[in-house]
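The values are calculated or read from the model by the stated rules, or taken from the named source; none is laboratory data. Everything quoted here is computed from the prediction, not taken from an experiment. Note: ideal-geometry Cβ built from the backbone for every residue, glycine included; neighbour counts use all protein chains shown. Surface accessibility is based on the protein's heavy atoms, side chains included, excluding ligands, DNA and RNA. Shrake-Rupley method; radii C 1.70, N 1.55, O 1.52, S 1.80 Å.
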Amino acid sequence: MGLEAFLPVAFAIGYLLGSIPFGLILTKLAGTQDLRSIGSGNIGATNVLRTGRKGLAAATLLLDALKGTAAVVIAGYIAGPNAAMLAGLGAFLGHLFPVWLKFKGGKGVAVYIGILLGLFWPGALFFCLLWLATAFTTRYSSLSALVAAFVTPIFLWWFGHLALASLSAVLTLLLFYMHRENIKRLQSGSESRIGQKS
């Protein structure tokens, strides 16, 4: 199989890895209530945290990030950077729209970081530092993700990583779409802050 012919396979591998619902799996194994019936109903680490199980939330964050990293590393090893970026896109879409859960997944922040980690680790570090800085000053998890996602493509473009900046911009648009309800709550002042009881 030639490298070009592998590109759709790379995307499919990424999608399948990205669609593994670690948050749902871990909470089921731990015996908590169905993750989709609490909080925002999504399967990401922020909603896992609403179960009160900080360890499970941290594990979900790590595993969701690593499935993005694994997708780009595996595809990149087999067929190079173009395949890696397609696998990254596939992993992101798999997490957002997993076929196993009727296409209702998470919001993509951890996977975004994991993809950056596999493709250009300084980009992942920049994203995390910006998220932390925004979270420290505002205590809004959603706003922190939106700010970090908005600025990261500019950071990548500024340092000459044009293809990765383009991929990052696509991921950012998808992330903003998944956070559309959070954006409405931020605008109305009803968004909950980190550590705030529901």
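Remark on GLU191: its backbone amide H falls under 5 Å from those of LEU186, a criterion applied only to residues 5 or more positions apart or on other chains, H modelled at 1.01 Å from N.
Only Cα pairs under 8 Å and at least 6 apart count here; give the relative contact order of segment 46-133 as a rounded whole percent.
Details: 100 pairs, mean separation 24.6, N = 88.
About 28 percent, as a whole number.
Between the Cα long axis of helix 3-18 and the first principal axis of the chain there is an angle of about 20°, rounded to the nearest 10. Taking 0.36 nm per residue of sequence separation and removing the Cα-Cα distance, the GLN33/ILE78 pair yields an extension gain of 12.2 nm.
Our coupling estimate for segment 83-100, obtained by passing each phi through the Karplus curve with A = 6.51, B = -1.76, C = 1.60 and θ = phi - 60°, is 5, 4, 5, 5, 5, x, 4, x, 5, 5, 5, x, 5, 5, 10, x, 4, 6 Hz, Gly and Pro reported as x.
Averaging the sequence gap over all C-alpha pairs within less than 8 Å and six or more residues apart, then dividing by the number of residues, gives the chain a relative contact order of 20 percent. Percent of alpha carbon pairs in segment 25-109 separated by more than 22 Å? The answer is 30 percent, as a whole percent.
Normalising by residue count, the chain has a Cα convex hull of 112 Å³ per residue. Here segment 99-149 is treated as an ellipsoid with the same Cα gyration tensor; its semi-axes, largest first and in whole Å, are 22, 17, 6.
The percentage of C-alpha pairs in segment 1-73 whose separation is greater than 18 Å is 44%.
Set the Förster distance to 30 Å, then compute FRET efficiency between SER188 and SER166 from the Cβ-Cβ distance, nearest 0.05. Before the final figure, lay out each step's value.
Details: r = 33 Å, r/R0 = 1.10.
With R0 = 30 Å, the Cβ-Cβ based efficiency is 0.35.
Averaging over every viewing direction, what projected area does the convex hull of the Cα atoms of segment 64-128 cover, in nm²? Don't skip to the answer; put the middle values down first.
Values: hull surface 15.9 nm².
Computing the convex hull of the Cα atoms and averaging its projections yields 4.0 nm².
Could you work out what % of the accessible surface of segment 1-157 is carbon and sulfur, using a 1.4 angstrom probe and leaving DNA, RNA and ligands out of the count? C and S fraction of accessible area: 74 percent. The helix-only estimate of mean residue ellipticity at 222 nm for the chain, built from DSSP H runs of length n ≥ 4 each weighted as -39500 (n - 2.57), is -24000 deg cm²/dmol after division by the residue total. In the context of the full set of protein chains, segment 48-180 has a per residue accessible area of 48 Å² (1.4 Å probe).
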